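See structure below.
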Amino acid sequence: MATELQTSSTRTRPRHPPLVLRVLAIPGFARLLASQALFDIGAVARTAAQSWVMYDLTGSNLWVGIVSGMRSVPILILPIFAGAIADRFDKRKLLGVVRVALAIVSIVQAILIALDIIEPWHMLVLALAAGTVVSFAMPAFWAYIADIVAPRALPRATALIMMGENAGEMVGPVIVGWIIATAGADWAYGIIAAIYLAGAIFILNAPKGRYATSVTETEDKPTYYESVKQGIAYARKSPTLPWLFIMNASVNITGVAIFPLMPEYATKILDVGAVGFGVMSTALGVGLAVGSLIIAITGMPRRVIWIIIVSSFIWDFGMIGFGFSRIYPLTLILLFIMGIAGMFWVNAIINLFQREAIGEMRGRVMSLYTIGMGLFPLGWTFGGTLSHLIGNELTLIISALGGTPLILIAMLLSPGLRRS
């Protein structure tokens with residue numbers, strides 16, 4: 001009888017949905033997820049198109065790296081101010097304006113290419129404009145996630161966001177490669193503009209975050225200059241934020257030299273053309289998506305520093321393998337594995353930054369993350385310049401040395417980071 005009662009109790013016990021589905025049920029999160037997926041499709045497609053067009057115009061890895069590095073110039077300066085703005089205003093509207101502005105930049109590029117008047121300097125100016133716009137997006141975006149998602153659900157929410165972004169990693173390059181091969185780069189930029197506009201519609205229909213207007217509703221609000229000073233002081237007092245910033249920045253400058261070399265590997269070394277170039281980027285994106293799925297299902301441990309170290313080690317050796325590979329399927333496998341490792345690394349870094357951010361400081365703390373990740377295009381410049389001087393294989397070895405060793409040094413010098 002007792003066994004029957006236990007069995008009956010088990011059968012009638014309500015089943016809770018998986019934690020991942022509970023995150024998706026958070027009001028506004030699905031719209032945010034859709035908007036960011038479209039944003040990243042547009043961003044990755046724009047980056048791929050930009051590198052392809054610049055290489056077509058100049059035939060130089062150096063110029064591919066330089067045009068990508070132009071995006072980093074405003075991201076070195078503006079995000080700390082953008083974070084202060086995000087802490088004052090409705091983050092949804094700020095994110096919507098960013099998407100519309102990027103659509104306008106893409107339309108201008110499409111027109112210049114269609115009229116056959118595009119020049120390298122046009123690409124440089126438009127890359128600078130896009131970087132300026134994006135520098136206002138990321139602090140608001142990562143702060144907005146923490147506004148609508150409870151702290152305990154943030155790792156899974158971040159993983160789901162990354163899955164949406166990785167849809168861009170998978171779809172964006174393939175779209176660009178196919179459209180460029182069949183219709184031309186002008187059509188590619190036109191479609192990218194439409195993608196950005198669709199993303200704006202989704203984000204503007206999401207709910208306000210908890211801190212959307214909290215500062216503007218106070219009468220004795222600080223000036224923007226004072227807000228920036230408060231953010232810097234808050235970061236300096238943290239035992240881990242300065243080291244997180246150094247680690248994130250250094251890896252994004254010295255550890256990503258593979259990206260400006262991919263067009264040359266596709267065209268001259270592996271001989272797979274524009275479509276093959278898109279598939280190479282997609283292989284990396286699929287790996288990122290798989291990594292996101294694993295994190296969304298399993299979550300992340302409280303202490304993530306060892307995940308950062310192991311994933312960095314895998315990424316670095318994957319780059320070296322890519323540099324020496326002359327077999328296209330092997331190259332795709334390496335990129336796939338690198339994508340999985342890269343996703344664990346990024347999710348862990350974001351997690352550590354979000355742990356350090358209190359509500360009214362979220363925009364300014366996440367601006368430090370944005371500045372570090374914003375140096376990623378500068379890493380393209382580093383890689384393109386170095387390969388122009390010393391060759392591809394040696395460049396990727398040096399790039400690998402700038403990854404894991406620097407993370408180990410940061411961990412050794414920071415007790416707070418070792419406990420993270």
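The values are calculated or read from the model by the stated rules, or taken from the named source; none is laboratory data. Predicted model, so just to flag it, every value in this text is computed and none were measured. Ideal geometry is used to build each Cβ from the backbone, glycine not excepted, and the neighbour counts take in all protein chains shown. When the accessible area is computed, the model is the full protein with side chains, heavy atoms only, and any ligands, DNA or RNA have been set aside. Shrake-Rupley method; radii C 1.70, N 1.55, O 1.52, S 1.80 Å.
Once the piece of chain linking Glu226 and Asp271 is laid out straight, how much longer is it, given 0.36 nm per residue of separation minus the C-alpha distance between them?
In short, 10.7 nm is gained.
Given a 1.4 angstrom probe, what's the average accessible area per residue across the range 250-345, in square angstrom?
Ligands and nucleic acids excluded, the result is 37 Å² per residue.
Report, to the nearest whole %, how much of the accessible area of the range 229-324 belongs to carbon and sulfur atoms, 1.4 Å probe, protein only.
Carbon plus sulfur share of accessible area: 72 percent.
Return the distance in nm (one decimal) between the two label points of a simple spin-label model at Ile104 and Lys208, each offset 7 Å from Cα along Cα→Cβ.
2.6 nm
Compute the angle between helix 138-148 and the longest alpha-carbon principal axis of the chain, please, reported from 0 to 90 degrees and rounded to the nearest 10.
Its long axis makes an angle of about 20 degrees.
By how many degrees, between 0 and 90 and to the nearest 10, does the Cα long axis of helix 29-58 differ from the longest principal axis of the chain?
10 degrees
Considering only protein heavy atoms, what is the solvent-accessible area of Glu360 at a probe of 1.4 Å, reported in Å² to the nearest 10?
Only protein atoms counted, so the area is about 90 Å².
How large is the accessible surface of Met138 in square angstrom, using a 1.4 angstrom probe and rounding to the nearest 10?
Rounded to the nearest 10, that gives 40 Å².
In the range 394-420, whose amide N lies under 11 Å from the spot 7 Å out along Cα-to-Cβ of Arg303? List them in ranges.
The answer is 418-420, whose backbone nitrogens lie closer than 11 Å to the label point.
Testing the spin-label approximation: label points 7 Å from Cα along Cα→Cβ at Ile294 and Leu412. State their distance in nm.
If labels sit at Ile294 and Leu412, their model points lie 2.8 nm apart.
Using the alpha-carbon atoms, what tilt in degrees (0 to 90, nearest 10) does helix 273-298 show relative to the longest principal axis of the chain?
With rounding to tens, the tilt is 10 degrees.
Where the only charges are on Cβ atoms (+1 Lys, Arg; -1 Asp, Glu), what is the dipole of the chain about its Cα centre, to the nearest 20 debye?
Dipole magnitude for the chain comes out near 1560 debye.
Which sequence of Phe382, Phe141 reflects their accessible areas, 1.4 Å probe, from the largest down?
Phe382, Phe141
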